[in-house]
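Taking it in order: structure first as structure tokens, then the write-up.
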Amino acid sequence: MADKRKSLIKIKPKRYKDGEIVKVSFMVMHPMATGMTKDKKTKKIIPAKYINSVKFIYNGKEITNMTVWESLSVNPVFTTYMKINGKGKLTVKYTDNTGESHEKTKKIKPRG
Amino acid sequence: MKTGIKIALSVAMLASLSFGSDQFAMSDADRAMYAEMSENNPADIMVADGEELLSYMGGDEGFAKYLGVSEDDLPAYIAGFPRYIKKFDMVVGLDQVIQAMMADGGHKPLKLKSGNMFSLLAYVKSIANGEKINIDVNANPQMKAAYALGEKTFMTRRGGRGLSCNSCHSADIVGRVLRTQPLPDLGAKGAKAAATWPAYRMTKSSLRTMQRRFQGCMKNALLKVIPIGSKQMVALEVYLTQKAKGSEINIPGLKR
Amino acid sequence: MQRRDFFKKLGTAAAITAVIPAMSFAGDAKPKGPNAMDFDTAVKTITGGKTPKSSKKVKLKVPEIAENGAVVPVTVTVDSPMTASNYVKAIHILDGKNSNARCIDVFLTPANGKAMFSTRIKLGGTQNVTALVELSNGEFLMASQSVKVTIGGCG
């Protein structure tokens, strides 16, 4: 298995109530190589390596599902909204075209 | 004779810079959009990584202890770097303190120019987020000397084109644009550069520190690159940090 | 007709050189991406042949001039109640000139609460960016804007 990728889930605002619609962002360190650029030193084409699927899963329910292509920037960011519906967890699962797959989880704790 | 040609060349280069009204300059709305992006700065991941790395060495508490300040005073103390530290008998940046702490703690110290060190430096400086830069260049003779050396380094013309930092980053260039990029007047009082480095550089898709940025600038302007952590480099950071005195620290920054 | 055939032949000849990279200049030719697809084909694939309507309900926010083609912020917001019976099913972000016109296909659900998606894309030159939106009733809406990509500043 490839090395552990570094990723982060951010929720804005940091404090939220049940029923509130919050902004949720997922960021990950990933080369997003298109397979069309050359290594400056070796002059060889860098093989394609890009995230091809991202899923936001909230308490077991898939709320957003993305098909991702190589045109996204290096270290991509995915931002959307979600409606807070009770405490639990948000899991982001992603895979890339080389078969690498990871997931990141954040606790959802609405206050008040 | 030779210097004459060099100066002429650098003037020619400056003349090729366009003014802000040029059609290729970005609009304020575009700028606002890029500013908004810092809300989700990929470097946040590196900062979190730096926090984890520091936790292996005692975390914030350990760092404060190493510096001989209380954890409560740590943010304001960090906002005063680079500082003269008696233990080392020199003016040092935060990265050098981290390096020394690693060595004293029996760890193999990280190189100053390494990704993990950049992450650590970014995290440590982010402890001071919200604080205002409070560097004191008159605190002692060593700081005074560092400021003077920094100013000299900023002003000295060198390299193939006879350029200094000041050639492109002085009051004379305000409003000029180098290919969509307005050149910042780094020598002006209130220039905020020091408050927003380390930052994520979109061009490099990575976290870069201020001294690393100086190196990139030197390389592109054909100046001999000064090593990170060297006397001149730290002095240059002292000089620009003094210019940013009073600015609120906001790490990580987000730069083109 | 004859002329067309002639061009067709030329096309195949060029294609042959391209698949033998060791030969002549072909090594320098721009490699094709793994998912090359032009804009029109991508739209057709997504909509299944339906014609998307330009709509003010779709707000596409991209910079007029990108500071850096490698990181171009894109935000798409759609005016929608996001209820179980009326919501935005998908937001697709497309570009005009990249080898693969598709950037990302985002499938939303009413659980998102608001129809918004934001990311950063790479653009290899000045081109249009398009947001193609599918509503829960099967309708397709779109909005486009040109982004000028320059090589900015030093290093």
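Values quoted throughout were computed directly from the atomic coordinates according to the rules given, and no laboratory measurement underlies them. Keep in mind that this is a model prediction, so the values were computed, not measured. Heads up, the Cβs are rebuilt from the backbone with ideal geometry, glycines too, and the neighbour counts pull from every protein chain shown.
Brief remarks follow.
- Distance cut-off 25 Å, percentage of C-alpha pairs in the range C:35-149 lying past it: 18 percent
- Cβ-derived FRET efficiency at R0 22 Å, B:Ser70 paired with B:Asp104, nearest 0.05: 0.65
- Overall dimensions of the range B:137-224, expressed as equivalent-ellipsoid semi-axes from the Cα gyration tensor (√(5λ), whole Å, largest first), are 22, 17, 15.
- Comparing B:Asp49, B:Asp73, B:Asp28 in a Gaussian network model of chain B, where Cα atoms under 10 Å apart are tied by springs, the biggest mean-square fluctuation is seen for B:Asp28.
- Of C:Val133, C:Pro73, C:Ala36, farthest towards positive along the dipole that unit charges on Lys, Arg, Asp, Glu beta carbons give the protein assembly as shown: C:Ala36
- Low-density loop cleavage sites - trypsin sites (Lys or Arg not before Pro) in the range A:4-106, where at most 14 other Cβ are within 10 Å (DSSP): A:Lys4, A:Lys14, A:Arg15, A:Lys17, A:Lys40, A:Lys41, A:Lys43, A:Lys44, A:Lys87
- For C:Pro110, neighbours were defined as the other residues whose beta-carbon sits under 12 Å from its Cβ, and their charges (Lys and Arg +1, Asp and Glu -1) total +4.
- Low-density loop positions, trypsin sites (Lys or Arg not before Pro), the range B:131-198 - DSSP coil, at most 12 other Cβ in 10 Å: B:Lys189
- The share of alpha-carbon pairs in the range A:7-108 lying farther apart than 19 Å comes to 46%.
- With contributions of -39500 (n - 2.57) from each DSSP H run of at least four residues, the per-residue ellipticity at 222 nm computed over the protein assembly as shown stands at -8500 deg cm²/dmol.
- Charge dipole (Cα centre; +1 on Lys/Arg Cβ, -1 on Asp/Glu Cβ; no other charges) of the range A:7-108 amounts to roughly 440 debye.
- Neighbourhood charge, 15 Å Cβ-Cβ cut-off, centred on B:Ala194 and excluding it, Lys, Arg +1 and Asp, Glu -1: +4
- In a reduced charge model with +1 at each Lys and Arg Cβ and -1 at each Asp and Glu Cβ, the range C:35-149 shows a dipole moment near 140 debye about its Cα centre.
- Global form of the protein assembly as shown, assessed from the alpha-carbon gyration tensor, a/c cut-off 1.5: oblate
- Of the chymotrypsin sites (Phe, Trp or Tyr not before Pro) found in the range B:18-125, those that fall in a DSSP loop while having at most 16 other beta-carbon atoms within 10 Å are B:Phe24, B:Tyr56, B:Phe88.
- The protein assembly as shown: antiparallel DSSP beta bridges as a percent of all, rounded to 5: 90 percent
- Convex hull volume per residue for the range B:2-255, taking Cα atoms only, in Å³: 125 Å³
- Dipole of the range B:2-255, positive end: most advanced residue of B:Ala191, B:Gln142, B:Thr153 [Cβ charges, Cα centre]: B:Thr153
- GNM result for chain B, Cα springs below 10 Å: residue of B:Met33, B:Met102, B:Met57 fluctuating most strongly: B:Met33
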